[in-house]
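Each reported figure results from applying straightforward, stated rules to the coordinates on display, with no laboratory input. Owing to the predicted nature of the structure, the values given are computational and were not obtained by experimental measurement. Backbone-built Cβ (ideal geometry, glycine too); neighbour counts: all protein chains shown.
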Amino acid sequence: MRLNSDTANKLVKQLTKARGALLHQESQVDTYSYLQGEDPFKPDYDFATTQAKLGQIGEAIVALKHAINVFNTTTQLPGLGITVDMALVELPILSANVNKLEAMSRILEKTRSTNVAAKTAEYTCRNYSAEEAAAACAASRERLVAIQQGLNTVNMTETFEVDDSVKAALEG
């Protein structure tokens, strides 16, 4: 079965949700209680079948996540010379850098505050060029956008093979 990364990630979420629902359902019927003298109501519960289904879903999640990880470590973003996993690490770094540089580019060249106790003025001066900060911010933003676009492209267009256990879990 061939999938793209976007679909594979959505299937992981779907299977994780299905596993959680099955675990919740199991917790509702794996025990029962009754009062002395009452006829017990024993809910339908097939231990072996439930464990097999949980195992099947778990195997499918493992297979999908492994296939995604292999894809991420071997697939290059077009024109950027980095793999998907490298891009995923670089994105938050670039994002934080853009935020920092935007703030730095807004700092005034010189500000004054008054120290009432000392009856003097204190000056704070920017120790860098606002233009350099703005240029560095633009460069970081450009790289950030290029990586985001590269990720969007490969996640939607590149496909990879996943284990048949995924198909079985989705059908079952």
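The GluC sites (Glu not before Pro) of the stretch 31-120 meeting both criteria, a DSSP state outside H, G, I, E and B (loop) and at most 10 other C-beta atoms within 10 angstrom of the site's C-beta, are 38, 109. The slack in the chain from residue 119 to residue 99, taken as 0.36 nm per residue of separation less the alpha-carbon distance, amounts to 3.6 nm. The value of relative contact order for the chain, using C-alpha pairs under 8 Å at least six residues apart, is 36 percent.
Residues within the reach of a label modelled at residue 86 (point 7 angstrom out along Cα to beta-carbon, backbone nitrogen below 14 Å), restricted to the stretch 123-145: there are none.
In a reduced charge model with +1 at each Lys and Arg Cβ and -1 at each Asp and Glu Cβ, the chain shows a dipole moment near 1000 debye about its Cα centre.
Seen from a random direction on average, the alpha-carbon convex hull of the chain projects onto 20.3 square nanometres. Here the Gaussian network model covers the chain, with springs between Cα atoms less than 10 Å apart; of 93, 147, 61, 93 fluctuates the most.
GNM on the chain, alpha-carbon springs under 10 angstrom: the most fluctuating residue among 148, 28, 36 is 36.
Structural descriptor for the stretch 84-157: relative contact order 38 percent, calculated from alpha carbon pairs under 8 angstrom and at least 6 residues apart.
Would you mind telling me which residue in 27, 113, 140 has the biggest mean-square fluctuation in a Gaussian network model of the chain, where springs connect alpha carbons within a distance under 10 angstrom? It is 113.
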